[in-house]
Amino acid sequence: MPLVGIFLPEGCLAHIIQHHEGPINIDELFTKGERLHDVFRMEHFHDFDRDRVKEKMCFFVDDGILKLTNGGTIVEVTSNESAKVLEFFVQLTEGLLDTYLIVLLSVEQLCGRPMVIPFKELVTEMHASMKDLHHEDVIPHLHSCLTEVIRTSFSRFEQLKFIEMRTYPDKKGTPTIFVQSPAHKQADIRELITFLQSLRTYTTEQFKFIDDEVADALYRTHGPVQVAKL
């Protein structure tokens, strides 16, 4: 996983290029690349503005992997061999993208519902569900289930105000963190899910399998547990 943080900017650009049909407008590439990298803001320690996006793209251009046409407004992959290089960066960051996407799907299922989920149990069950998804050959990378990345993705979505985390003492006085998702964020959550899904090649059936697994994880989390009231 350490290499993911180092090559995250290149991975974000590679995802956008590889999942776009044919040449891509340079402004669209920069906008989507910035947005994807911003989703992973807590996975790195450096800023990534438009100038950094251009810098990373120039790395691919200077190495002959990409070329600029139409007066520098269109980005194209130069060859099949170049596409394989981009695929390396895609594979490097694909597991991270899957973690964030699947966690966000769980947030969507929580959104607006009158329940508050214990955070520790939720992370545990999401970890188990992602292991199951890998075992069933739905997601390709086992490291998508890393609990540290799952926690970080929830924290990032808290920053985006997709979820709220609040701490309450249990019966023994031990602080326990609970998670809920406000209903007014539903459209923003769905829009980001659509963006992340556009960067994956899962079939409709696979996405449904993932949704069902996420629903099972939430049921295992809150079903047998007394749900806290805020």
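The values are calculated or read from the model by the stated rules, or taken from the named source; none is laboratory data. Nothing here was measured: the structure is a model prediction, and the numbers come from that model. Using ideal geometry, Cβ is built from the backbone for each residue, glycine included, and neighbour counts are taken over all protein chains shown.
If you check R35, R113, R50, which single one turns out to be surrounded by fewer than 13 Cβ atoms within 10 Å (Cβ to Cβ) and either of a type in the set (K, R) or in contact with a Gly (Cβ under 7 Å, 6 or more places away or on another chain) (or both)? Spell out how you get there, then give the answer.
Numbers: R35 fails: surrounded by fewer than 13 Cβ atoms within 10 Å (Cβ to Cβ); R113 fails: surrounded by fewer than 13 Cβ atoms within 10 Å (Cβ to Cβ).
Selected residue: R50, the only one of R35, R113, R50 that is surrounded by fewer than 13 Cβ atoms within 10 Å (Cβ to Cβ) and either of a type in the set (K, R) or in contact with a Gly (Cβ under 7 Å, 6 or more places away or on another chain) (or both).
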- Pick out, from region 129-230, the helices (runs of 4 or more DSSP H) lying fully within it that include 2 or more residues that are farther than 26 Å from E87 by Cα and over 15 Å from the mean Cα position of the chain (by Cα). 186-197, 204-222
- Query: Does at least one position in region 13-30 carry a residue that is farther than 21 Å from S198 by Cα, over 17 Å from the mean Cα position of the chain (by Cα) and in a loop (DSSP other than H, G, I, E, B)?
  - Reply: no
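Name the residue, out of V61, V85, V75, that is part of a helix (DSSP H, G or I), touching a Lys or Arg at 6+ places or on another chain (Cβ under 9 Å), more than 30 Å from T147 (Cβ to Cβ) and outside the structural domain of F195 (by TED's automatic domain parsing). I'd like the intermediate steps shown before the answer.
Working: V85 fails: touching a Lys or Arg at 6+ places or on another chain (Cβ under 9 Å); V75 fails: part of a helix (DSSP H, G or I).
Within the list V61, V85, V75, the selection yields V61.
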- Message: Please count how many residues of region 51-64 are under 17 Å from G33 (Cα atoms) and at pLDDT 90 or above.
- Response: 2
- Task: Return yes or no: is F40 within 25 Å of I177 (Cα to Cα), crowded, with 20+ Cβ neighbours inside 10 Å, touching a Leu at 6+ places or on another chain (Cβ under 9 Å) and not aliphatic (A, V, I, L, M)?
- Result: yes
- What number of residues within region 62-75 satisfy the criterion of being surrounded by fewer than 15 Cβ atoms within 10 Å (Cβ to Cβ) and either closer than 21 Å to F7 by Cα or under 27 Å from the mean Cα position of the chain (by Cα) (or both)? 3
